Amino acid sequence: MYARTVDQRTLTLSVSGMLWNRSLVMIDRETKSLWSHLLGRAMRGPLKGKDLQLLSGQMTDWKTWRERHPGTTVMVLKRTSKAFNREFYANPQRFVIGLVDGVAARAWPLDQLRKQPLVNDQLDDVPLLVWFEEESSTAYLFDRRAGDRTLRFERQDGKLIDRETASVWSAQHGRAIKGPLKNTQLEPLPGIVSFRKAWKVFHPKSTYFVVATPQEGY
Amino acid sequence: MFRFSKRDWAQLLGLLLVAVAVVSVVLISDGLLEEDFWPETVAVADEPSVENFNPRVVIRREFPPITDAPVISAREAVGKVDNAELVLGVQINGQARAYPLNMLTGPSREIINDTLGDTAIAATW
């Protein structure tokens with residue numbers, strides 16, 4: 001999900017008919033520059049080197065989205081596939097949610113998040129909260145700084161709580177719903193749900209989250 | 001003044017060979033010469049960038065951009081979008097919109113040019 005305005009010029013994007021590293025190459029009607037779909041960067045043409053702003057979108061199922069956002073609208077066209085339903089994630093090890101921050105990239109494989117649905121993580125100097133909702137296979141990514149405080153989160157009775165103030169949070173919205181920090185909003189981060197293989201090709205230096213397992217002999 | 005004779009040179013060369021052999025054995029036993037010795041170099045060479053952009057033409061034409069995809073309310077979508085269908089959802093300036101992935105797939109459909117919350121967006125994944 002990208003914003004398609006670059007240097008005050010709104011671009012109209014379409015499929016170029018080309019692939020690069022097995023991934024879609026987009027073209028804009030206005031300048032005919034070619035854009036890497038996964039990097040969001042113009043690779044050739046007048047806008048070469050420019051980036052589209054990545055927006056924080058969410059990959060989830062329709063029921064979950066509609067319940068969280070009752071006023072939502074939805075785009076409806078004739079279906080071109082039937083593959084994308086909850087069963088799509090039957091092999092969670094094939095998927096990651098990835099984040100790029102400047103030059104650093106990290107990905108959280110969905111099979112690992114299934115084992116550990118709450119991660120207090122850090123990428124470069126940004127402290128992160130990763131929350132995975134198993135029922136809908138939805139991963140949520142937030143910056144876990146609130147004002148000048150860095151929060152550490154834990155799960156108590158299925159609820160998301162920060163250790164510093166014991167406020168209760170809605171992970172779906174990244175907002176405190178109860179306690180001293182009530183109504184505080186965490187900044188959502190633009191994670192991308194992607195095939196692990198594709199992520200690896202486009203971010204070869206990416207690190208990957210792995211659930212820590214106790215060492216043998218301990 | 002000391003001068004190297006042929007024999008001195010031979011001894012020096014012998015010592016050097018022994019030193020190289022010892023260092024090699026130490027490095028190999030430490031695993032330093034194994035495949036992950038140069039990971040940075042390999043990663044930099046492989047990193048996709050504008051310099052090594054080499055797309056492959058798969059279909060010899062551009063697809064026309066989609067700019068007028070119909071949008072309806074959640075209530076109107078009953079029977080048109082299934083509960084278990086995956087969607088790409090986005091929220092901008094208080095406005096939320098979902099794009100069912102089953103309708104956002106295939107070369108003619110992979111990018112939707114849209115506007116939400118006064119922001120021009122490209123729905124794609």
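What Kirkwood radius, in Å to one decimal, follows from the Cα pairs of the protein assembly as shown?
Values: mean 1/r = 0.0436 Å⁻¹.
Kirkwood radius, the protein assembly as shown: 22.9 Å.
Is there a pair in A:Lys63/A:Lys178; A:Lys48/A:Lys82; A:Lys182/A:Lys205; A:Lys115/A:Lys205; A:Lys82/A:Lys205; A:Lys32/A:Lys205 whose C-alpha atoms are over 27 Å apart, and which pairs would that be?
Working: A:Lys63/A:Lys178 25 Å; A:Lys48/A:Lys82 36 Å; A:Lys182/A:Lys205 38 Å; A:Lys115/A:Lys205 24 Å; A:Lys82/A:Lys205 34 Å; A:Lys32/A:Lys205 30 Å.
Beyond 27 Å: A:Lys48/A:Lys82; A:Lys182/A:Lys205; A:Lys82/A:Lys205; A:Lys32/A:Lys205.
Separation of the range A:148-218 and the range B:78-124 by C-alpha centroid, Å?
Distance between centres, Cα-based: 25 Å.
Quick one: grab the alpha carbon gyration tensor of the range B:63-125, order the square roots of its eigenvalues as a ≥ b ≥ c, and give me rounded if a/c is under 1.5, else prolate or oblate depending on whether a/b is larger than b/c. Please report the intermediate quantities before stating the final value.
Details: a/c = 1.72, a/b = 1.07, b/c = 1.60.
Cα axes put the range B:63-125 in the oblate bin.
Give the relative contact order (percent, whole number) for the range A:125-167; include only Cα pairs under 8 Å separated by 6+ residues.
On the way: 46 pairs, mean separation 11.0, N = 43.
Relative contact order of the range A:125-167: 26 percent.
If you take each beta carbon of peptide A:192-199 and count the beta carbons of other chains within 10 angstrom, what is the mean?
Taking the mean over all residues of the peptide, I get 1.
What dipole magnitude, in Debye to the nearest 20, does chain A give about its Cα centre under +1 on Lys/Arg Cβ and -1 on Asp/Glu Cβ?
Details: 34 positive and 23 negative charges, 172 e Å.
It works out to roughly 820 debye.
If you restrict to DSSP beta bridges whose two residues both lie in the range A:62-208, what percentage is antiparallel, to the nearest 5?
95 percent
Might you tell me the accessible area per residue for the protein assembly as shown, computed with a 1.4 Å probe and given in Å²?
56 Å²
Only four residue types carry charge here, +1 at the Cβ of Lys and Arg and -1 at the Cβ of Asp and Glu. Report the dipole size of the range A:147-218 about the Cα centre in Debye, rounded to the nearest 20.
260 debye
Taking beta carbons within 10 Å but only from partner chains, what does the mean come to for residues A:20-32?
4
Using bins 10 angstrom wide from zero, how does P(r) for the range A:86-186 break down, in % of all Cα pairs?
P(r) over the range A:86-186, rounded to whole percents: 15, 47, 31, 8, 0.
Where the accessible area of the range A:62-208 is counted over protein heavy atoms with a 1.4 Å probe, how much of it, in %, is carbon and sulfur?
On the way: 3430 of 7250 Å².
C and S fraction of accessible area: 47 percent.
Averaging sequence separations of C-alpha pairs under 8 Å and six or more residues apart, then dividing by the length of the range A:62-208, give the relative contact order as a whole percent.
Contact order relative to length: 22 percent.
Give me the percent relative contact order of the range A:2-54, please, defined on Cα pairs under 8 angstrom at least 6 residues apart. Before the final figure, lay out each step's value.
Values: 102 pairs, mean separation 15.6, N = 53.
Dividing the mean separation by the residue count of the range A:2-54 yields 29 percent.
Summarise the partner chain shielding of B:66-79 as one whole number: the mean count of Cβ atoms from other chains within 10 Å of each residue's Cβ.
Per residue, the number of nearby Cβ atoms from other chains is 4 on average.
The values are calculated or read from the model by the stated rules, or taken from the named source; none is laboratory data. Bear in mind that the values here come from a model prediction, so they are computed numbers and not experimental data. Don't worry about glycine lacking a Cβ; one is built from the backbone with ideal geometry, like all the others, and counts go over all protein chains shown. Protein only, heavy atoms only, side chains kept; ligands, DNA and RNA dropped before computing areas. Shrake-Rupley method; radii C 1.70, N 1.55, O 1.52, S 1.80 Å.
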